[in-house]
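Student: Input: one structure, supplied below.
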Amino acid sequence: MAENKPRIKLPKEAGKGEIVQIKTLITHPMESGQRKDADGKPIPRKIINRFVCEFNGKPVFEADLETAISANPYIEFFAKVEDEGTFTFTWVDDDNVVTTAQEHIALKA
Amino acid sequence: MQTFTRRQSLALAAALAAGAALPRAALADTKAEAAELIKRFADGKEPMKSTVTLDLPEIAENGNTVPLSVKVASPMTAQSYVTDLLIVADGNPNAKTAALKFSPLSGKAEASLRIRLAQTQTVTALAKMNDGSVYMDQKVVKVTIGGCGG
């Protein structure tokens with residue numbers, strides 16, 4: 001499984017002022033630090049701990065995630081679209097590995 | 001077939017009681033942690049049980065992935081909007097589950113996640129508004145197969 005591979009689902013266009021639903025998914029084991037390996041040694045914690053969504057540079061939605069978030073974190077939220085522009089999505093894990101994705105949205109004529 | 005003496009029966013009962021006490025002690029620790037997180041988030045305000053709707057299944061078949069949805073009835077305008085939302089689970093190894101931040105650009109103060117629940121427990125969602133008021137909702141989730149990886 002490719003680690004840190006993001007998938008985003010949101011409409012390609014919206015009416016001005018329309019609220020759109022955004023679904024995000026990223027592959028990541030979200031190792032909680034609770035599991036033990038075959039020798040009984042604890043497997044160290046390694047999770048995505050932060051998710052940020054911005055639109056044209058302004059924050060829309062953020063999440064600080066803890067070990068209780070399931071593997072392959074699924075995050076669904078909403079955004080009000082006033083202009084056309086670009087959504088940027090950022091995931092940061094415990095080792096400060098950053099994954100980003102972008103989606104453009106147009107305004108319906 | 002050996003019959004137990006009264007002394008042996010009492011010793012056996014004491015051992016069973018001592019064994020049974022251990023898991024309950026672990027659960028109690030996380031309850032205190034959850035209460036502390038809630039208290040700190042509410043920052044002196046008494047959370048009102050309204051406005052927030054926390055959706056979770058009554059019974060979670062698989063504690064490794066439990067669908068959670070939370071929504072806050074708020075106009076999400078610059079005058080009145082949800083700033084923060086805290087999710088706390090009082091029976092997990094770590095009580096803190098997620099801390100969400102919204103803005104008027106969110107349009108709706110609603111989000112869905114998938115969480116791990118180690119055992120049957122109470123999940124609490126608290127929402128803070130831009131005027132500092134705090135609202136909450138709670139759900140008890142029965143967990144048939146725990147999901148924290150042990």
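Computed from the coordinates by the stated procedures, all read-outs in this text should not be read as laboratory data. As the structure is a prediction and not an experimental result, all values here were calculated from the model. Neighbour counts are summed over all protein chains in view; Cβ atoms, including those assigned to glycine, are modelled from backbone coordinates with ideal geometry.
Student: Longest segment of chain A with no GluC sites (Glu not before Pro) in a DSSP loop having at most 16 other Cβ atoms within 10 Å?
Tutor: Longest gap between qualifying sites, sites excluded: A:4-81.
Student: Could you compute the FRET efficiency for A:Lys58 and B:Ser112, with r as their C-beta to C-beta distance and R0 at 25 Å, rounded to 0.05?
Tutor: In this case the efficiency is close to 0.65.
Student: Roughly how many debye, to the nearest 20, is the charge dipole of the protein assembly as shown about its Cα centre, given +1 on each Lys and Arg Cβ, -1 on each Asp and Glu Cβ, and no other charges?
Tutor: Charge dipole, the protein assembly as shown, about its Cα centre: 760 debye, nearest 20.
Student: Of all the C-alpha pairs in the protein assembly as shown, what % are more than 34 Å from each other? Walk me through the numbers on the way to the answer.
Tutor: On the way: 8506 of 33411 pairs.
In whole percent, the share of Cα-Cα pairs in the protein assembly as shown beyond 34 Å is 25.
Student: Under a cut-off of 15 Å between alpha-carbon atoms, report the aspartates and glutamates in cross-link reach of B:Lys31, not counting same-chain residues fewer than 8 places apart.
Tutor: The qualifying aspartates and glutamates are B:Asp90.
Student: Counting other Cβ atoms within 10 Å of each Cβ, which chymotrypsin sites (Phe, Trp or Tyr not before Pro) in the stretch B:22-102 have at most 10 and sit in a DSSP loop?
Tutor: none
Student: Mind checking the mean number of beta-carbon atoms from other chains within 10 Å of the Cβ atoms in A:72-79?
Tutor: Average per residue, whole number: 6.
Student: So what is the 222 nm mean residue ellipticity for the protein assembly as shown from helices alone, if each DSSP H run of at least 4 adds -39500 (n - 2.57) and you divide by all residues, rounding to the nearest 500 deg cm²/dmol?
Tutor: Value at 222 nm, helices only, nearest 500: -5500 deg cm²/dmol.
Student: Loop-only check: which trypsin sites (Lys or Arg not before Pro) in the stretch A:32-109 are DSSP coil with at most 13 other Cβ within 10 angstrom?
Tutor: Values: sites: A:Arg35, A:Lys36, A:Arg45, A:Lys46, A:Arg50, A:Lys80, A:Lys108; in loops: A:Arg35, A:Arg45, A:Lys108.
Here the sparse-neighbourhood loop sites are A:Lys108.
Student: Okay, next question. What distance in nm separates the simple spin-label points at A:Lys5 and B:Gln79, each placed 7 Å from Cα in the Cβ direction?
Tutor: Distance between label points: 4.9 nm.
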